[in-house]
Amino acid sequence: MLPESQKQIKLASRPHGKPESKDFQYEEISVPEPGDKEVLLKTIYLSVDPYMRGRMSNAKSYVEPFKVGEPLHGGVISKVVKSNSGLFKEGEFVIGMLPWQEYSLASEKEVRRVDPSIAPLSSYLGILGMTGLTAYFGLLDIGQPKKGETVVISGAAGAVGSAAGQIAKIQGAKVVGIAGSDEKVEYLINTLGFDKAINYKTCGNIRDALKEACPDGIDVYFENVGGEIGDAALSLLNKFARVPVCGAISAYNNTEPDIGNRVQGILIKSSALMKGFVVNDYADRFKEGASQLGKWLAEGKLTYEETITEGFENVPEAFLGLFNGNNLGKQLVKVSKIE
């Protein structure tokens with residue numbers, strides 16, 4: 001028996017600096033009925049991701065901003081509870097970009113089926129989803145690590161960074177990770193097989209720590225953080241180094257423009273390539289990436305960690321925790337039980 005009403009989370013206001021609880025608003029809305037070629041979905045897992053901070057601002061970017069007074073949305077794993085589509089049956093599980101609410105209505109073209117017998121449902125939002133694909137294409141297409149080269153990953157204990165580092169190890173590279181706690185450093189070395197890892201909060205001078213960890217310089221720098229960490233890594237680039245720029249979380253909550261080193265001289269002297277990207281740049285190759293990630297996962301060459309927060313009421317808290325480094329691996333919210 002389906003409920004008549006459900007909870008939804010809207011963007012109440014655009015944050016100035018770091019988002020706060022007051023920027024989110026809970027609303028009680030009705031549970032809709034599916035129309036022709038539509039499905040009614042019950043939210044199981046909901047993904048919160050750093051890029052969503054940019055969408056909370058009314059600034060031009062690679063994706064349209066969230067609108068004040070309307071629900072936020074992102075990657076969601078759901079169960080089909082009612083179907084007026086010939087493509088989906090009740091009881092099947094699907095993934096899509098859906099609103100932050102307990103039940104969602106979607107057309108049959110907005111979602112795709114996922115199989116929990118192949119991999120845990122949550123993994124389709126992480127290692128087998130957009131975060132895994134981001135690491136795969138950013139590292140292999142732009143970074144192109146070669147055997148014996150030194151690869152440095154910032155934000156290395158996050159969902160993208162941890163995957164990128166493992167893929168670099170599969171390619172035979174020496175991998176150095178940068179993270180924000182001793183627990184994460186231990187995880188990177190002992191669980192993921194990184195060669196070295198640095199706690200940027202306790203290492204003192206980050207450039208000196210990186211220089212010691214990378215005595216032969218840096219061939220590939222996978223950028224997730226920016227700021228002083230990025231400046232330090234760029235100063236140690238080798239000739240013909242490659243820098244995939246995936247994110248710059250250190251600046252996402254800045255209220256003034258981010259100011260740092262000028263990179264032009266560094267890039268010229270090192271003949272380095274520095275390229276920004278978003279995962280949708282590779283949309284026509286998603287099948288290739290997902291297939292290879294799944295193969296490595298099945299072979300035990302890839303592992304992953306998830307930080308799962310329970311309860312729909314804790315979605316904003318889980319999102320805000322991303323900017324404090326609370327998560328190890330992929331941050332998810334489990335909204336309802338898998339039945």
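So Gly276 ticks every box in (1) of a type in the set (Gly, Ala, Ser); (2) free of Cβ contacts under 8 Å to residues at least 24 places away in the same chain; (3) farther than 25 Å from Lys184 by Cα but one. Which box is left unticked?
That leaves (2) as the condition not met.
It is to be established whether one or more residues within the stretch 281-304 are in contact with a strand residue (DSSP E or B) (Cβ under 7 Å, 6 or more places away or on another chain) and either without any contact (Cβ under 8 Å) to a residue 24 or more places away in the chain or under 20 Å from Val152 (Cα atoms) (or both).
Yes: one or more hits.
Cβ-Cβ under 6 Å, sequence separation 6+ or interchain: first residue in the stretch 173-190 and touching a residue at least 24 places away in the same chain (Cβ under 8 Å) and on the phi < 0 side of the Ramachandran plot, partner part of a loop (DSSP other than H, G, I, E, B) and among the acidic types (Asp, Glu). Which pairs?
Ala173/Glu149; Lys174/Asp195; Val175/Asp195
Going through the stretch 310-339 one residue at a time, which ones are part of a strand (DSSP E or B) and either within 19 Å of Thr134 (Cβ to Cβ) or over 16 Å from the mean Cα position of the chain (by Cα) (or both)?
Glu310, Gly329, Lys330, Gln331, Leu332, Lys334
Taking the stretch 241-270, which residues are out of contact with any strand residue (DSSP E or B) (no Cβ under 8 Å at 6 or more places or on another chain) and either within 22 Å of Gly158 (Cβ to Cβ) or in contact (Cβ under 8 Å) with a residue 24 or more places away in the chain (or both)?
Answer for the stretch 241-270, where residues must be out of contact with any strand residue (DSSP E or B) (no Cβ under 8 Å at 6 or more places or on another chain) and either within 22 Å of Gly158 (Cβ to Cβ) or in contact (Cβ under 8 Å) with a residue 24 or more places away in the chain (or both): Ile249, Ser250, Ala251, Tyr252, Asn253, Asn254, Thr255, Asp258, Gly260, Asn261.
In the stretch 141-155, is there at least one residue being surrounded by fewer than 24 Cβ atoms within 10 Å (Cβ to Cβ) and assigned to a helix (DSSP H, G or I)?
Yes, that holds for at least one residue.
Taking the stated definitions as given, is Thr307 part of a strand (DSSP E or B) and either modelled with pLDDT of 95 or more or under 23 Å from Gln166 (Cβ atoms) (or both)?
In short, yes.
Report whether or not Thr255 is over 21 Å from Glu223 (Cβ atoms), exposed (fewer than 11 other Cβ atoms within 10 Å of the Cβ) and of a type in the set (S, T, N, Q).
The answer is yes for Thr255.
Considering only the stretch 1-97, give the strands (runs of 3 or more DSSP E) lying wholly within it that have at least 2 residues that are assigned by TED's automatic domain parsing to the domain that holds Gly329 and under 17 Å from Glu110 (Cβ atoms).
38-47, 73-83
Answer with yes or no whether Ile167 is of a type in the set (A, V, I, L, M, F, W, C), surrounded by fewer than 24 Cβ atoms within 10 Å (Cβ to Cβ) and in the same structural domain as Gly247 (by TED's automatic domain parsing).
So Ile167 fails the test.
Looking at (1) more than 15 Å from Gly294 (Cβ to Cβ); (2) buried (at least 22 other Cβ atoms within 10 Å of the Cβ), which is the one condition that is false for Tyr136?
(1)
Matching residues to (1) under 18 Å from the mean Cα position of the chain (by Cα); (2) farther than 22 Å from Lys169 by Cβ:
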{"position": "Gly260", "(1), (2)": "no, yes"}
{"position": "Leu267", "(1), (2)": "no, yes"}
{"position": "Leu273", "(1), (2)": "no, no"}
{"position": "Lys287", "(1), (2)": "no, yes"}
{"position": "Ala290", "(1), (2)": "yes, no"}
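Would you check if Val160 is out of contact with any strand residue (DSSP E or B) (no Cβ under 6 Å at 6 or more places or on another chain) and either among the β-branched types (Val, Ile, Thr) or within 17 Å of Lys295 (Cβ to Cβ) (or both)?
Spelling it out, Val160 is indeed out of contact with any strand residue (DSSP E or B) (no Cβ under 6 Å at 6 or more places or on another chain) and either among the β-branched types (Val, Ile, Thr) or within 17 Å of Lys295 (Cβ to Cβ) (or both).
Give me the residue from the stretch 28-56 that is without any contact (Cβ under 8 Å) to a residue 60 or more places away in the chain and under 27 Å from the mean Cα position of the chain (by Cα) and, out of that set, nearest to Pro316 (Cα to Cα).
Met56
Hey, can you tell me all the residues within the stretch 49-76 that are at pLDDT below 95, surrounded by fewer than 18 Cβ atoms within 10 Å (Cβ to Cβ) and charged (D, E, K, R)?
Residues satisfying the conditions are Lys60, Glu64.
If you go through the stretch 231-240, how many residues are surrounded by 19 or more Cβ atoms within 10 Å (Cβ to Cβ) and either over 27 Å from Gly321 (Cβ atoms) or without any contact (Cβ under 8 Å) to a residue 12 or more places away in the chain (or both)?
Here the count works out to 3.
The values are calculated or read from the model by the stated rules, or taken from the named source; none is laboratory data. Everything numeric in this text was worked out from a predicted model, so none of it was measured. Neighbour counts run over all protein chains shown; Cβ positions are idealised from the backbone, glycine included.
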